[in-house]
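Please read the structure below before turning to the comments.
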Amino acid sequence: MTFARSRKLAAGRLGHVGAVTGLVLSGVSATTVAVATPAAASSWSTLYVSPTGHSGASDRSCDTAGHSAISAAVQAASSGATVRVCAGVYDEAVVVDDKVIRLVGDGATIAPPATLDTAGLTIEGDGASGSIVTGFTITGAQQEGLLVQHTSRITISHNRVTDNDLACQPQVNPGLDCGEGLHLRAVSHSRVLDNEVSHNTGGIHITDGVPAGSIGQSAFGYTSPAGPTFDNLIEGNSVIANLWDCGISLPSHNSTAFGDPASGGVYDNTITKNLVLDNGTSGGGGAGILVATPFPGTAAYDNTITHNVIAGNGHSGVAIHSHAPAQDVHGNVIEFNEIGRNNAIGDNSAGVTQTAGVIVFSAVVPVTGTVVTHNHFVDDYFGIWLSNAPGTDTSHNSYLVVDVPVKS
């Protein structure tokens, strides 16, 4: 789906929305962000990959490509090189884990075979810090389409991530971690810009690591590199029709994160100018954007959700959920968003069956310091639904065809 079609779809979902903050609809595809590149970018060498590539070719263009597989080119490349992938379908899973690579697709599709129970493209480890991925379609992976973990300063831009995470469909348990289409785990200072993420189990997943022996390992059945996920920018993405889970989710899965930001936690991330439409409408469902702490010791705080267009999602447009003692979900900010009709299938955790724009809920620990201001709500029963969220700032919002603007 093009960004132009996405904006048209958003306008249709929201009806009257657009006049109040036209910046959102006009700004999604016009995002201007400096792409983080290594200092040595000007001296990067280039390797070419083409379905017709072969060893011994001059490797100076798509017509003379020296490689027929992306993985082979990545292995052959020196750190700091560009791997330019020419038009074609590449039935492989690609891993970048020990060097800085600028991976550029030109009509290229990564489509790993069903026999590979893995992500389509994985960027991981300190050695890969500073890598760039742009211009790919990634589809058909049994796990995540694109997994970034235990690294930093990664730029993921202008990719199409669709029909991945197939091993987790249909997803009927909203508490299960499926990885979703695009996953950042134990990642910092990275940028996810202007991608289309559609028709995966869920959309963009932003989590901390799951250390061995933790509650997270017992809950999800796996371990991963431990560490926090912070200071990432998720901007200008089209996150649409990921039917089984949330559009964009920020759950903490590290039970050692509470009070220890060096150990874990999901904090200081910015989610802005994204189109988040029609996610989580099947199975266990999901919110448009979720911030959550599922078990003791987890922490997801001080995140900013701003200037997004959010409508048609199975659970609320934005949900903040806290489920157990010893959790930290303070200081999350929801501002300047256009929020249409959401929560069509109801939020069982919070017990909200009517349509709702924003739900802030805690089963045990009060959610404090939440800011929900300067949003425009359209066509919901509840604009903002609060439970155990004392002191939430709900000022300066506007409501159109909303029965109960704020329920607390």
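The values are calculated or read from the model by the stated rules, or taken from the named source; none is laboratory data. All figures in this text were calculated on a predicted structure; none of them were measured in a lab. Cβ placement follows ideal geometry from the backbone for every residue including glycine, while neighbour counts extend to all protein chains displayed. Just the protein is used for accessible areas: all its heavy atoms, side chains included, with ligands, DNA and RNA removed. Shrake-Rupley method; radii C 1.70, N 1.55, O 1.52, S 1.80 Å.
Show the residues, 5+ positions off or on another chain, whose built amide H is closer than 5 Å to the amide H of Leu400.
Phe377, Val378, Asp379
Report Rg (one decimal) and Dmax (nearest whole number) for the stretch 263-408, counting Cα atoms only, units Å.
Both quantities, over Cα of the stretch 263-408: 13.6, 44 Å.
Please list, by residue number, everything in the stretch 219-233 whose backbone N is under 16 Å from a paramagnetic label point 7 Å out along Cα→Cβ of Ala262.
226-229
Please compute P(r) over all alpha-carbon pairs of the chain, binned at 20 Å starting from zero, and give each bin as a whole-number percent.
Binned Cα distances yield the sequence 30, 57, 13, 0.
Which FRET efficiency value, to the nearest 0.05, is calculated for Asp126 and Ser395 with the Förster distance at 45 angstrom and r the Cβ-Cβ distance?
It comes out at approximately 0.55.
Using alpha carbons only, how many degrees (0 to 90, rounded to 10) separate the axis of helix 3-14 from the longest principal axis of the chain?
Roughly 10 degrees between the two axes.
Sorted from largest down, give the three principal axis spans of the alpha carbons of the stretch 71-178, whole angstrom values.
43, 30, 24
Enter the accessible area per residue of the stretch 56-186 (Å², integer; probe 1.4 Å; all protein chains in place).
36 Å²
Run the numbers for Ser218 and Ala167: contour at 0.36 nm per residue of separation, minus the present Cα-Cα distance, in nm.
Separation in residues times 0.36 nm, less the Cα-Cα distance, equals 16.4 nm.
For labels at Lys407 and Thr52 in the simple 7 Å Cα→Cβ model, what's the distance in nm?
6.3 nm
Taking amide hydrogens as modeled 1.01 Å from N in the peptide plane, which residues meet the under 5 Å criterion relative to Trp385, leaving out close sequence neighbours?
Val358, Ile359, Val360, Lys407
Please work out how much length the chain gains when fully extended from Gln354 to Thr368, using 0.36 nm per residue of separation minus the C-alpha to C-alpha distance, in nm with one decimal.
Going from the current span to full extension adds 2.6 nm.
Take the alpha carbon gyration tensor of the stretch 342-408, find the square roots of its eigenvalues, order them as a ≥ b ≥ c, and report rounded if a/c is under 1.5; if not, report prolate when a/b exceeds b/c, else oblate.
oblate
With both bridge residues required to lie in the stretch 188-290, what share of the DSSP beta bridges run antiparallel, to the nearest 5%?
0 percent
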